[in-house]
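Some notes on the structure that comes next.
The values are calculated or read from the model by the stated rules, or taken from the named source; none is laboratory data. For clarity, every value in this text was computed on a predicted model and none was experimentally measured. Because the Cβ atoms are built from the backbone with ideal geometry, glycine has one as well, and the counts that use them run over all protein chains shown.
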Amino acid sequence: MAIFSSPRVRSLWACLLGAASLSLLAAPLAVNASMGSSTLASAVRAEKPKAVSDQGVETVHDIVVYGGTSAGVVAAVQARKMGKSVVLIEPTHRLGGLTSGGLGQTDIGNKAAIGGLARRFYQAVREHYSRPAAWTWQRREEYMDSGQTRTAAGEDAMWTFEPSVALKIYETWVQDRQVEVVRGERLDRRSGVAMTRSIPWRILSIRMESGRTFAGRMFIDATYEGDLMAAANVRYTVGREANSVYGETLNGVQTGNAKYHQFVPGVDPYVEKGNPASGLLPFIDSEGPGPEGAGDRRVQAYCFRMCLTDHPDNRIPFHQPDGYDPLWYELLLRNFEAGESGMPWINSSMPNRKTDTNNRTAFSTDFIAQNYEYPEASYDERERIVARHRLYQQGLMWTLANHPRVPEQIRHEVARWGMCKDEFIEGNGWQDQLYVREARRMVSDYVMTQHHCQGSRKADDPVGLAAYGMDSHNVQRYVDPNGHVRNEGDVEVGGFSPYPISYRAIVPRANECANLLVPVCLSASHIAYGSIRMEPVFMVLGQSAVTAAAHAIDESVPVQRVDGDKLHQRLRSDQQILKWTGQVRSDQPNQDSARLLRTRSDHIGISNHAAGR
């Protein structure tokens, strides 16, 4: 049982519980859905919360937002706009998540699907670059954006930007709205969430590792990992569902769709070519790939979205990192020797002679199969995984720029780039924010699936639109029956219109937590999440989630019972886009392989058509 003994502490909980008995405070059972087979398997665990001290408890806020990602910042700003008290807690010291962490080439699919504060962010980007002082490393007229989301003439928004500019906009927003921001505080994931024993239960407070405790009436989990959601005992899953779970065709193991970002045929997987007894080269799964369409716990690959420059006065040359292991890159070199001629990156141009650089071809910035443990890992284990990703990517860039087995034209092109002196200064141009493309996903009463993306099902309670194609990066490397290395997991299927995201997909099940909303690790299958998981959409959902939280407070109801009509009225008044009124296209479910997102597959060199999620 959580213990609340002092008058000050008890008075804080009285604000939250009203007449409810404080003796009911405890943690309910945790439910975690494992979706690796055609049926849902539940794992049940009980956690005993530690006592909450008088010293740690702070003011009761209307809304507590955990995670200062783009979704979290927007949620906190919207809460202040609605007159609610809010605290925004960011485990690191930098706001903005991936939007300020290198992902400056906006992934969306259709800009017209973005409204509300998300669109206001991109308008603020435009306003920033309209000022001559913003152009420090090139003239405005010299810049031409590239990538899949380009700024058209006459637009009031701009869709490419430097990481430091995104950070500046977010910092200005929270200052202007007087948002209380707490930095460098991590949730005590073992026993830091105090909850009622009732069903549905309510979160009363969350305690950080430092002991600081934040009480609230409503809570938002805006992290990429879903840490608060998991600690609050909300049902979730990790990995890929089997196709049979939701009647999909693009989930689970997908060797048949692995046509792009693929090895040249004939690349040998063994340390000593032709000798299986010598062992496999690093990062090849000896147990892969698994039955076609089967579920597993594997997670699509992560990387750092590097911000590079070719300006000599701002460039930090690529270096060989301590711990460099040449064997890690042997597959890269063998793939070149087998005939690969394409640039192993997507180098989309950002203002001021900078880039947003991302994965391309079979062996690139994605550290395939080295992130499976990340979603559930401890903080220390996650830090080791992030450090290992950084080591891999630093070694990759040095290899591409220097190794004699890299084709000369590629080596020379890579070598003229480097990290930026004026971005991520503390890390010599390297950011801390790993591109966590997918981690935990909530399993609520409503699950977004491939059917919603392709239009055969439609949510009737929209809180925003998704507009990107169904998209997964590679998940594993394996040895095929011919004894050659292959990648598996890449899926790129589009051809459909923007579609609504259900409100029920961002709230837990009706019999679970009554005052938590989850706009990032929302309820979606692996392949549908691959369409939804874009930064503008996270901002849209962050705004909608906190709007619903405010309504739940005003209506004195659980988040699952918010008045939908009133919620939609407020969202529309805030310029959120809830219905697609443009041209309607619907992909044919039986023609998946013909509808590939060529935007991230068919490009080479520097001026590319896509940043590639």
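Here Val299, Val245 are screened, and the one residue that is of a type in the set (A, V, I, L, M, F, W, C) and not in a loop (DSSP other than H, G, I, E, B) is Val245.
Against the test of being exposed (fewer than 15 other Cβ atoms within 10 Å of the Cβ) and more than 21 Å from the chain's Cα centre (by Cα), the options Thr196, Thr172 yield a single qualifying residue, Thr172.
Matching residues to (1) farther than 18 Å from Arg486 by Cα; (2) surrounded by fewer than 24 Cβ atoms within 10 Å (Cβ to Cβ); (3) without any contact (Cβ under 8 Å) to a residue 12 or more places away in the chain:
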| position | (1), (2), (3) |
| --- | --- |
| Leu228 | yes, no, no |
| Gly239 | yes, yes, no |
| Asn243 | yes, yes, no |
| Gly252 | no, no, no |
| Asn257 | no, yes, no |
| Phe263 | no, yes, no |
| Gly266 | no, yes, no |
| Tyr270 | no, yes, yes |
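Residue-level analysis places Asn314 among those that are among the polar types (S, T, N, Q) and in contact with a strand residue (DSSP E or B) (Cβ under 6 Å, 6 or more places away or on another chain).
Selection of the range 396-424 for residues being part of a loop (DSSP other than H, G, I, E, B) and of a type in the set (Val, Ile, Thr) yields only Val406. Would you point out which residue out of Ala610, Ala552 is among the aliphatic types (A, V, I, L, M), modelled with pLDDT of 95 or more and within 30 Å of Ala222 (Cβ to Cβ)? Selected residue: Ala552, the only one of Ala610, Ala552 that is among the aliphatic types (A, V, I, L, M), modelled with pLDDT of 95 or more and within 30 Å of Ala222 (Cβ to Cβ). Would you mention how many residues in the range 354-407 are surrounded by fewer than 19 Cβ atoms within 10 Å (Cβ to Cβ) and on the phi > 0 side of the Ramachandran plot? Number satisfying all stated conditions: 0.
All conditions in (1) more than 30 Å from Met306 (Cβ to Cβ); (2) modelled with pLDDT under 95; (3) surrounded by 14 or more Cβ atoms within 10 Å (Cβ to Cβ) hold for Gly582, with the sole exception of (3). Within the range 199-212, track down each residue that is charged (D, E, K, R) and exposed (fewer than 15 other Cβ atoms within 10 Å of the Cβ). Glu209 - this is the single residue of the range 199-212 that is charged (D, E, K, R) and exposed (fewer than 15 other Cβ atoms within 10 Å of the Cβ).
When you scan the range 358-374, do you find a residue that is modelled with pLDDT of 95 or more, over 24 Å from Gly489 (Cα atoms) and of a type outside the set (S, T, N, Q), even just one? No - not one qualifying residue is present in the range 358-374. Within the range 211-242, restricting attention to residues that are in contact with a helix residue (DSSP H, G or I) (Cβ under 8 Å, 6 or more places away or on another chain), among the hydrophobic types (A, V, I, L, M, F, W, C) and assigned to a strand (DSSP E or B), the residue that is nearest to Tyr372 (Cα to Cα) is Val238. Across the range 248-291, the number of residues qualifying as modelled with pLDDT under 95 and outside any loop (DSSP other than H, G, I, E, B) comes to 0. For the residues Trp137, Trp173, the requirement of being over 30 Å from Ser85 (Cα atoms) and touching a residue at least 40 places away in the same chain (Cβ under 8 Å) singles out Trp137. Listed by first and then second residue, the pairs with beta-carbon distance under 6 Å, at least 6 apart or on different chains, first residue in the range 83-108 and assigned to a loop (DSSP other than H, G, I, E, B), second of a type in the set (D, E, K, R) and modelled with pLDDT under 95, are Asp107/Arg613. Output the residue which, of all residues in the range 297-311 that are buried (at least 23 other Cβ atoms within 10 Å of the Cβ) and more than 17 Å from Gln105 (Cα to Cα), is farthest from the chain's Cα centre (by Cα). The residue in question is Arg298. For the range 302-314, the set of residues classified as part of a loop (DSSP other than H, G, I, E, B) and over 28 Å from Ala258 (Cβ atoms) consists of Cys307, Asp310, His311, Pro312, Asp313, Asn314, listed by residue number. The condition of being charged (D, E, K, R), on the phi < 0 side of the Ramachandran plot and either surrounded by 16 or more Cβ atoms within 10 Å (Cβ to Cβ) or without any contact (Cβ under 8 Å) to a residue 24 or more places away in the chain (or both) holds for Glu413.
Please work out which residue is surrounded by the most Cβ atoms within 10 Å (Cβ to Cβ), limiting yourself to the range 58-85 and to residues that are over 22 Å from the mean Cα position of the chain (by Cα) and of a type in the set (Val, Ile, Thr). Once the filter is applied, the top-ranked residue is Ile63. Any residue at all in the range 153-168 that's touching a residue at least 40 places away in the same chain (Cβ under 8 Å), over 24 Å from the mean Cα position of the chain (by Cα) and either over 20 Å from Tyr468 (Cβ atoms) or buried (at least 24 other Cβ atoms within 10 Å of the Cβ) (or both)? For the range 153-168, residues touching a residue at least 40 places away in the same chain (Cβ under 8 Å), over 24 Å from the mean Cα position of the chain (by Cα) and either over 20 Å from Tyr468 (Cβ atoms) or buried (at least 24 other Cβ atoms within 10 Å of the Cβ) (or both): absent.
Scanning the range 464-481 for residues that are out of contact with any Pro (no Cβ under 9 Å at 6 or more places or on another chain) and aliphatic (A, V, I, L, M) yields a count of 1.
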